[in-house]
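J.: Can you keep this structure in mind? I'll have questions shortly.
Values in this text are rule-based calculations from the coordinates and carry no lab data. All values reported here derive from a predicted model rather than from experimental measurement. Here Cβ is always computed from backbone atoms with ideal geometry, including for glycine, and neighbour counts include all displayed protein chains.
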Amino acid sequence: MKGIFNKLILYILPVIMLIGFYACKPSKPAFTSPPGYDLNHPEKFNMPESLLEISGIAFYKDKSDTVYSIQDEDGRLFRQAWMNKKQKHVVFGKKGDYEDLAILNETVMVLESDGTLYVFPFADATKEKVQDIKIFKKIIPKGEYESIYADNQTNQVYLLCKNCKDDKKDKSMSGSIFTYNPAKKELIPSGEFSMDLSGMIKKEEILKTGLKASALTRDPHSGEWYILSSVNKVLVVATPDWKVKSVHRLNSSQFNQPEGLAFDNEMNLYISNEGDELSAGNILKFKRKP
């Protein structure tokens with residue numbers, strides 16, 4: 001009888017310990033949202049096949065009646081009405097790795113992953129091919145870039161690095177600022193910025209390798225930065241001086257590959273997702289709550 005009891009203890013004790021381990025193990029944080037939004041209940045707009053790999057979105061003067069977008073591989077600027085899959089496009093470049101775009105007043109800027117900027121008049125957006133384009137190369141530190149933001153009030157352009165050599169070592173995220181002169185069609189270097197990631201890494205909110213930003217935009221009212229990371233599946237909100245304010249984990253079942261980010265003039269938030277073999281690319285709209 002004693003032998004049977006010992007055998008039972010031998011088999012049951014590990015099970016009890018395993019149950020205790022998982023009972024005490026902290027659960028992953030819930031899917032949270034920035035104040036004024038509910039990231040769990042979007043309005044979903046599926047993209048046509050041509051925008052399966054949608055990688056950036058923008059609005060002209062923040063008007064949401066027309067969505068402007070790009071996709072990873074083709075040098076085309078797409079345009080379409082909200083919830084209308086029919087799209088038109090203008091060709092601005094050859095095959096490449098196009099990651100984000102911004103519309104700065106009457107100028108379109110498309111960012112390639114190596115930091116190259118394709119700049120052309122917004123008036124060309126309705127043509128078949130861009131007639132007047134200027135390409136800026138090697139204006140920022142060597143690295144991988146997926147995020148651009150343009151401020152219509154100041155004419156400043158922010159380029160945020162996804163993967164730069166010193167950022168991983170410093171546990172930071174760096175970027176460059178330019179001021180665009182539309183009359184001379186030139187970008188004037190206007191400073192640099194960085195954000196400390198050590199706190200998020202310590203809390204295991206992001207990977208040790210960094211945030212790996214995939215899109216950037218700014219709340220036009222508060223001046224707070226919204227930074228998207230597809231790799232980490234998070235949306236980070238930072239103060240105007242680049243201090244981390246909050247980190248919001250994104251549900252992978254809803255955010256397949258979040259790559260684009262924008263506000264409209266009614267303060268609604270938009271996040272675009274690349275598709276894959278099983279799902280279409282899409283844009284998710286999160287209405288601003290009172």
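J.: How many angstrom lie between the C-alpha centres of region 95-133 and region 63-80?
T.: 10
J.: Another question, then. So what does log10 I(q)/I(0) come out to for region 168-267 at q = 0.12, 0.16, 0.18 Å⁻¹, using the Debye formula with one equal point on every Cα and no solvent?
T.: -0.45, -0.76, -0.92
J.: Averaging sequence separations of C-alpha pairs under 8 Å and six or more residues apart, then dividing by the length of region 29-286, give the relative contact order as a whole percent.
T.: Across region 29-286, relative contact order equals 19 percent.
J.: Taking the chain, how much of its Cα-Cα pair set, in percent, is spaced more than 35 angstrom apart?
T.: 22
J.: Short version: ³J(HN,Hα) in whole Hz for each residue of region 190-207, in order, from phi by Karplus 6.51 cos²θ - 1.76 cosθ + 1.60 (θ = phi - 60°), x for Gly and Pro, what are they?
T.: With coefficients 6.51, -1.76 and 1.60, one gets 10, x, 9, 8, 8, 10, 6, 9, 4, x, 5, 5, 4, 7, 6, 7, 9, 5 Hz.
J.: I need Asp65, Asp167, Asp196 ordered by Cβ neighbour count within 10 Å, fewest first.
T.: Sorted ascending by nearby Cβ count, the order is Asp65, Asp196, Asp167.
J.: Further question on the same structure: With 29 Å as the limit, write out which pairs from Lys134/Lys171; Lys88/Lys287; Lys134/Lys208; Lys245/Lys289; Lys185/Lys245 have Cα-Cα distances beyond it, or answer none.
T.: Lys134/Lys171; Lys134/Lys208; Lys185/Lys245
J.: Mind putting a number on the dipole of the chain about its Cα centre? Charges go on the C-beta only, +1 for Lys and Arg and -1 for Asp and Glu, and I need it in Debye to the nearest 20.
T.: 900
J.: Let me know the Rg and Dmax you get for region 87-140 when you use only its Cα atoms, in Å.
T.: 10.8, 33
J.: Of Lys127, Lys44, Lys184, which has the largest mean-square fluctuation in a 10 Å C-alpha GNM of the chain?
T.: Most flexible of the set in this elastic network: Lys184.
J.: Any idea how far the Cα center of region 236-251 sits from the one of region 182-229, in Å?
T.: So the two Cα centres are separated by 9 Å.
J.: Take every Cα-Cα distance within region 214-253, group them into 10 Å bins from 0 onward, and report for each bin the whole-number percent of pairs it holds.
T.: 32, 53, 14, 0
J.: Another question, if that's okay. Amide H neighbours of Ser190 under 5 Å, at least 5 residues apart or on other chains, H built in the peptide plane: list them.
T.: Ile177, Phe178, Thr179
J.: Give or take rounding to whole Å, what are the principal axis extents of the alpha carbon atoms in region 96-230, in descending order?
T.: 49, 34, 25
J.: Straight distance only, please: which aspartates and glutamates reach the Cα of Lys94 with their own Cα at less than 20 Å, same-chain residues fewer than 8 apart left out?
T.: Within reach: Glu49, Glu53, Asp72, Glu73, Asp74, Glu112, Asp114, Asp124, Glu128, Asp132, Glu144, Glu146.
J.: Determine ³J(HN,Hα), in whole Hz, for all residues of region 158-163 in sequence, where each value follows from phi through the Karplus function 6.51 cos²θ - 1.76 cosθ + 1.60 and θ = phi - 60°; x replaces Gly and Pro.
T.: 10, 10, 10, 7, 8, 8
J.: Once amide H atoms are built 1.01 Å from N in the peptide plane, which residues 5 or more positions from Ser214, or in another chain, come under 5 Å H to H?
T.: Result for Ser214 returns Leu228, Ser229, Ser230.
J.: Then there's this: Tell me the mean residue ellipticity at 222 nm calculated for the chain from its helices only (DSSP H runs of n ≥ 4, each -39500 (n - 2.57), averaged over every residue, nearest 500).
T.: -3500 deg cm²/dmol
J.: Read phi for every residue in region 231-244 and hand back ³J(HN,Hα) as whole Hz from Karplus 6.51 cos²θ - 1.76 cosθ + 1.60, θ = phi - 60°, with x for Gly and Pro.
T.: Using θ = phi - 60°, the values come out as 4, 8, 6, 9, 10, 9, 10, 10, 5, x, 9, 6, 9, 5 Hz.
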